[in-house]
Amino acid sequence: MYTKLWAVDKEEPLKHSYPQIMEAASLLRESEVVAFPTETVYGLGANALSDQAVLKIFEAKGRPSDNPLIVHISKMEQLTELVDNINVPESARQLMEAFWPGPLTLVLPKKEGVSQYVTAGLNTLAIRMPDHPVARALIETSGLPLAAPSANLSGKPSPTTAQHVEEDLIHRIAGIVDGGATGVGLESTVVDCTTETPMILRPGGVTKEELEKVVGKVDEDPALFSQEEQHKPKSPGMKYTHYAPVAPVYLVEGSASFMEQTINDAQRKGQKVGLLATEETIGQMQTTEITAISCGTQKDLATVASQLYDGLRAFNATEVDVIFSETFQRTGVGAAIMNRLEKAAGHKFIKE
Ligand code: TXA
Ligand code: MG
């Protein structure tokens, strides 16, 4: 399949890139699949009301059919055609008011008529209003709610640039709208609002601390902290290995000198070592024979979030046999960073 590429203005797409947005929107209206930037990661969009369109997403990504999609809207009126409005709890309304548009996905009771493929047969629907001018322009111009998972091949790190999308999906989708690098860099926070107390199913751009300021107590899916069989995650997507580069990743927990020692041990065994770490940690390494990729600064974990996936992907262009990654405190956005790193590493830790 020929994949059309459109470079668009990311601040005012409708003013400066109208023909490109129109063309992408008409392909969406013809049930084609088009990738576009959001403030978190690039999404792979299709008409959420069309079975045929939604099935193309699963095919292009190689996504397991039991993993439901998030539907993206640009205005509140679109909610009524998607969710069972009467049964939307007050807490969900408060969260929409506080965080939409933004990196927060709410799981709500779904309305009859939404494609069963979007929800993978569940009676709930995940929905969010992205805060990115290009995503919003595309939703508005197409006039459609867009089902959109992250625009990567299943199992790969989510794309934060149009080039990442191209690497994974060229010739598999109708088009890619290039609006430059995304901002947050990690996917939205998924919160289940169908339970008595709202529950975080996937940590992300909006932190637990921020949610609790608005709705009081928020629970976390116990499966987020356990690899035991009996803790089946409520968010089907969380059970898959994810975000993984080709070489195995190990999370190294301890001081900078312990990191150095871990690297030296591997080198003595003849391994080529990759290091994913903040500039502070990289600055403390004496070893020169490593491929070090910097992911931001310890002073501001938002920089780590925004550079993490690009860093993980970058190792695929190197010859490393093993990747050691720095670890972070699980507070604020650190919770989402550690959740993604643990998945990339398949929960393999090396502790001091
Ligand atoms: O930031 C994001 O959320 C990005 C951008 C493109 O918006 N999208 C994204 O989609 O990360 P995806 O498909 O990669 O992840 C969606 C997650 C999966 O873990 C899925 O299982 C979960 O949301 N999910 C979707 N519908 C659900 C539902 N009804 N109940 C529970 N979890 C659901
Ligand atoms: Mg994904």
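What to note about this one:
- Spatially proximal lysines relative to K351 (Cα-Cα < 30 Å; intrachain offsets below 8 disregarded): K156, K208, K232, K234, K239, K269, K272, K299, K343
- Rounded tilt (10° steps) of 301-314 against the dominant C-alpha axis of the chain: 80
- Pairwise centroid distance, computed over Cα atoms, of the range 287-352 with the range 88-158, Å: 28
- Relative to the longest principal axis of the Cα atoms of the chain, helix 256-268 runs at roughly 80 degrees.
- Accessible area per residue, Å², the chain with all protein chains present, probe 1.4 Å: 43
- Over the chain: helical MRE at 222 nm, DSSP H runs n ≥ 4 each giving -39500 (n - 2.57), nearest 500: -9000 deg cm²/dmol
- Antiparallel bridge percentage (DSSP; both residues within the chain; nearest 5): 35
- Axis of helix 18-29 versus longest Cα principal axis of the chain: the two differ by about 80°, to the nearest ten degrees.
- For the peptides 103-110, 72-79, 184-191, 301-308, residues were scored by their other Cβ atoms within 10 Å and the scores averaged per peptide; the highest-first order is 184-191, 103-110, 301-308, 72-79.
- Taking label points 7 Å from Cα along the Cα-to-Cβ direction, R172 and F225 give a separation of 3.5 nm.
- Apportionment of accessible area to carbon and sulfur, the chain, percent (1.4 Å): 49
- In the range 121-235, the alpha-carbon atoms span a convex hull of 158 Å³ per residue.
- Calculated FRET efficiency for the pair Q286/K217, C-beta based, R₀ 30 Å, to 0.05: 0.05
- The value for the chain of Rg(Cα) / (2.2 N^0.38 Å) is 0.99.
- Fully extending the segment from A317 to E279, taken as 0.36 nm per residue of separation minus the present Cα-Cα distance, adds 11.6 nm.
The values are calculated or read from the model by the stated rules, or taken from the named source; none is laboratory data. In this text, all values refer to a predicted model and were calculated from it rather than measured experimentally. Every residue, glycine as well, gets a Cβ built from its backbone with ideal geometry; the counts of neighbours run over all protein chains shown. Ligands, DNA and RNA are excluded from the accessible area calculation, which covers all protein heavy atoms including side chains. Shrake-Rupley method; radii C 1.70, N 1.55, O 1.52, S 1.80 Å.
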